[in-house]
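The values are calculated or read from the model by the stated rules, or taken from the named source; none is laboratory data. The shown structure was predicted, so the numbers you read here are calculated from the model rather than taken from an experiment. Glycine gets a Cβ as well: all are built from the backbone with ideal geometry, and neighbour counts include every protein chain shown. Ligands, DNA and RNA are excluded from the accessible area calculation, which covers all protein heavy atoms including side chains. Shrake-Rupley method; radii C 1.70, N 1.55, O 1.52, S 1.80 Å.
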Amino acid sequence: MLYIIIKNFSLIIFKLIFRLKIIGSENIPKTGPFVIVANHSSLLDGFVLVSSVKSKVTFMSAAYLFKMPFVGNVLRGVGAIPVQGKGSDIKLIKKAIKVLQSGGVLGIFPEGRITKEEDDFSAKAGAAYLAIKADVPIIPMAIKGANKVLPLGAKFPKLKKIEVKIGKPISCSKKIKLNKKILEDTVNSYMKEIY
């Protein structure tokens, strides 16, 4: 229920105030599970992503966010999965794969944190790993303008336009032998699409 309220409220705000434009909606599968990856340059990105996709999205969010009074309550309320950030957590992986196996959608920001486009960082391979293990496609999403509406550190939003570009599905098959090269190639293919 909380998810639907947040989604509908966000969509109205983004469409009316920030003139949200969504390009490539036809690239989102009508049915079945998938992993959606997006760039992360603003605190608004999760709300923009939810507003741009019809399916319910289960986010993988940094564990420290769950400790914040308001944010933590919202994340728990929408069923987000806390990610510690270091090492591999078997329970976390099983929970994420269970979401996909039950036909759900996982939302992941591969950088693992809010970044500036010019930042030099290495994307985490979690989205690629989960998609290959669950045999589901990855949908890349580029969010443009959210960092201008609410830059990192800003307290109040600015009246700027937000645009979302959804790329074609990237096929991930568990028939392929999972190795470092496969993961790197998959990560590179979706990072090109979201930046």
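K144 versus (1) more than 14 Å from D45 (Cα to Cα); (2) surrounded by fewer than 21 Cβ atoms within 10 Å (Cβ to Cβ): which is the lone unmet condition? The one condition K144 does not meet is (1).
Annotation: H40 fulfils all but one of (1) out of contact with any helix residue (DSSP H, G or I) (no Cβ under 8 Å at 6 or more places or on another chain); (2) more than 15 Å from G126 (Cβ to Cβ); the unmet one is (2). No other residue among G46, G79 is open to solvent by 30 Å² or more (accessible area, probe 1.4 Å) and of a type outside the set (S, T, N, Q) apart from G79. Taking the conditions (1) modelled with pLDDT of 90 or more; (2) out of contact with any strand residue (DSSP E or B) (no Cβ under 7 Å at 6 or more places or on another chain); (3) among the aliphatic types (A, V, I, L, M); (4) farther than 21 Å from I170 by Cβ in turn, I90 satisfies each one other than (1). If you filter the range 1-43 down to residues that are under 27 Å from S102 (Cβ atoms) and aromatic (F, W, Y), you find that the one that is most open to solvent (accessible area, probe 1.4 Å) is F9. With respect to the conditions (1) in contact with a helix residue (DSSP H, G or I) (Cβ under 7 Å, 6 or more places away or on another chain); (2) among the hydrophobic types (A, V, I, L, M, F, W, C); (3) part of a helix (DSSP H, G or I), I13 lacks only one, and its number is (1). Residues that are touching a Pro at 6+ places or on another chain (Cβ under 6 Å) and of a type outside the set (D, E, K, R) were ranked within the range 173-195; the one that is surrounded by the most Cβ atoms within 10 Å (Cβ to Cβ) is Y190. For a quick check of your reading of the model, give me the residue pairs whose first member lies in the range 167-195 and is under 18 Å from I36 (Cβ atoms) and of a type outside the set (S, T, N, Q), whose second is exposed (fewer than 13 other Cβ atoms within 10 Å of the Cβ) and at pLDDT below 90, with beta-carbon atoms closer than 7 Å and at least 6 apart or on different chains. Within 7 Å, the pairs are Y195/E117. Only one of the listed residues (K124, K158, K168) is touching a Pro at 6+ places or on another chain (Cβ under 9 Å), assigned to a loop (DSSP other than H, G, I, E, B), open to solvent by 10 Å² or more (accessible area, probe 1.4 Å) and under 23 Å from L75 (Cβ atoms). That residue is K124.
Please work out which residue is modelled with the highest pLDDT, limiting yourself to the range 111-136 and to residues that are of a type in the set (D, E, K, R) and within 15 Å of the chain's Cα centre (by Cα). Only one residue fits best here, namely E111.
When we screen F66, F59 for residues that are touching a strand residue (DSSP E or B) at 6+ places or on another chain (Cβ under 8 Å), in a helix (DSSP H, G or I) and surrounded by 13 or more Cβ atoms within 10 Å (Cβ to Cβ), the only hit is F66. Only residues that are assigned to a helix (DSSP H, G or I), open to solvent by less than 40 Å² (accessible area, probe 1.4 Å) and closer than 16 Å to K94 by Cβ were counted in the range 128-141, giving 4.
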